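The values are calculated or read from the model by the stated rules, or taken from the named source; none is laboratory data. Nothing here was measured: the structure is a model prediction, and the numbers come from that model. Glycine gets a Cβ as well: all are built from the backbone with ideal geometry, and neighbour counts include every protein chain shown.
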Amino acid sequence: MSFRGSFDWFTSLHQGGKRAISFTLTCKNMFLPETFDCAIIDSTGQQPTQIRRCLKLKANESFTFNYDTCGWDWCQGDFFAILGKNDKIKKRWDLNLKIYSRGECPECHGSHRCVKCNGTGTVRNNHNHTISSCPACNGTGFCQKCYVPIRQGSNLANEVYNGTTIPNPSLSREKRIVALNKTISELQAKIEKADWDARMMQRKGTDVSLHTVYSTHLELKHRYELQLLQAQSELQQLETNL
């Protein structure tokens, strides 16, 4: 058997744009295909092993194994194995990413939190008063400079984070949902007020005499409606991915 394996970072669409690991297996044969059994194994034993039988790779063909293609979210210490007779491991590739020592990260200096959002996973746009997913960490809350995917609860996680609080993506998502619901309520109230003011001006006939003021109310209402649509869209996406 002649294979080449490599781990690479990729953007996981199925995880909402999260930065994740992918493993690529390539058949290095010039002409002949390879048929093989393989396994993806979590060295901590927290995840069930994935075993695939009788896969076939043509010469120079590649397969990718990641969350989007096979549902496996790679973490430090996981490995990919080619299996032989009686499922004995014939060849393996281990995920062994560089881990910064405590305080070494040039961006977060050991906090493991995204410096742009302080680990919350969200940022606030002061211009239009909206809340959105942090573009630096894709809403995870993790510092992307030193981020290494490690399963929480494992000995490695305790060793690497060494007493620091690990950002919790689920908690960040819950905070975003709460913040978005609050934003939506505030925008709905602003829309109602702008609509009420405009209707009152129409009844009093001041929509003509004070045309500039009347137009301002309509522009505000339109702006609030656009912000409301944006917030509702983001909220729907977050709730769908729960």
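Would you tally the residues in the stretch 85-108 being under 23 Å from Arg52 (Cβ atoms), touching a residue at least 12 places away in the same chain (Cβ under 8 Å), out of contact with any Gly (no Cβ under 7 Å at 6 or more places or on another chain) and assigned to a loop (DSSP other than H, G, I, E, B)?
1
So the check is Cβ under 8 Å with 6+ separation or different chains; which pairs have a first residue in the stretch 16-36 that's on the phi > 0 side of the Ramachandran plot and a second one that's surrounded by 14 or more Cβ atoms within 10 Å (Cβ to Cβ) and part of a loop (DSSP other than H, G, I, E, B)?
These pairs meet every condition: Gly16/Asn138; Gly16/Gly139; Gly17/Asn138; Gly17/Gly139.
What are the residue pairs meeting all of these: first residue in the stretch 189-215, first residue without any contact (Cβ under 8 Å) to a residue 60 or more places away in the chain, second residue among the hydroxyl-bearing types (Ser, Thr, Tyr), Cβ atoms under 6 Å, and 6 or more apart or on different chains?
Sorted first by the residue in the stretch 189-215, then by its partner, the pairs are Lys190/Tyr224; Ile191/Tyr224; Met201/Tyr214; Asp207/Tyr214.
Considering each of Gly77, Gly45 in turn, give the residue that is closer than 30 Å to Lys145 by Cβ and crowded, with 16+ Cβ neighbours inside 10 Å.
Values: Gly45 fails: crowded, with 16+ Cβ neighbours inside 10 Å.
The conditions single out Gly77.
Among the residues of the stretch 44-59, are any part of a loop (DSSP other than H, G, I, E, B), of a type outside the set (A, V, I, L, M), closer than 18 Å to Arg4 by Cβ and assigned by TED's automatic domain parsing to the domain that holds Gly17? Working first, answer last.
Just the residues of the stretch 44-59 that are part of a loop (DSSP other than H, G, I, E, B), to begin with: 44-49, 58-59.
Remaining after also requiring of a type outside the set (A, V, I, L, M): 44-49, 58.
Applying the additional criterion that residues be closer than 18 Å to Arg4 by Cβ yields 58.
When the remaining residues are screened for being assigned by TED's automatic domain parsing to the domain that holds Gly17, the result is 58.
Yes, the stretch 44-59 contains a residue that is part of a loop (DSSP other than H, G, I, E, B), of a type outside the set (A, V, I, L, M), closer than 18 Å to Arg4 by Cβ and assigned by TED's automatic domain parsing to the domain that holds Gly17.
Within the stretch 109-125, track down each residue that is part of a loop (DSSP other than H, G, I, E, B) and either at pLDDT 85 or above or over 24 Å from Gln236 (Cβ atoms) (or both).
Of the residues in the stretch 109-125, the ones part of a loop (DSSP other than H, G, I, E, B) are 109-112, 114-121.
Once the filter is applied, which keeps residues that are part of a loop (DSSP other than H, G, I, E, B) and either at pLDDT 85 or above or over 24 Å from Gln236 (Cβ atoms) (or both), the stretch 109-125 yields His109, Gly110, Ser111, His112, Cys114, Val115, Lys116, Cys117, Asn118, Gly119.
I want to confirm something. Restricting to the stretch 10-42 and keeping residues that are within 17 Å of Arg151 (Cα to Cα) and not β-branched (Val, Ile, Thr), which single residue is surrounded by the most Cβ atoms within 10 Å (Cβ to Cβ)? Break it down into steps so the answer makes sense when it comes.
The initial filter retains those residues of the stretch 10-42 that are within 17 Å of Arg151 (Cα to Cα), namely 15, 18-22, 40-42.
Checking which are not β-branched (Val, Ile, Thr) leaves us with 15, 18-20, 22, 42.
Values: Gln15: 18, Lys18: 19, Arg19: 16, Ala20: 21, Ser22: 19, Asp42: 19.
Ranking the qualifying residues of the stretch 10-42, first place goes to Ala20.
Got a number for residues in the stretch 27-59 being more than 32 Å from the chain's Cα centre (by Cα) and of a type in the set (Ser, Thr, Tyr)? Quick ask: steps written out before the conclusion?
The initial filter retains those residues of the stretch 27-59 that are more than 32 Å from the chain's Cα centre (by Cα), namely 28-36, 54, 58-59.
Filter once more, so that each one left must be of a type in the set (Ser, Thr, Tyr): 35.
Looking only at that region, the number is 1.
Output the residue which, of all residues in the stretch 164-185 that are among the aliphatic types (A, V, I, L, M) and modelled with pLDDT of 75 or more, is surrounded by the most Cβ atoms within 10 Å (Cβ to Cβ).
Of the residues in the stretch 164-185, the ones among the aliphatic types (A, V, I, L, M) are 166, 171, 177-180, 184.
Then keep just the ones that are modelled with pLDDT of 75 or more; that gives 177-180, 184.
Numbers: Ile177: 15, Val178: 10, Ala179: 17, Leu180: 23, Ile184: 16.
Residue satisfying both the conditions and the ranking: Leu180.
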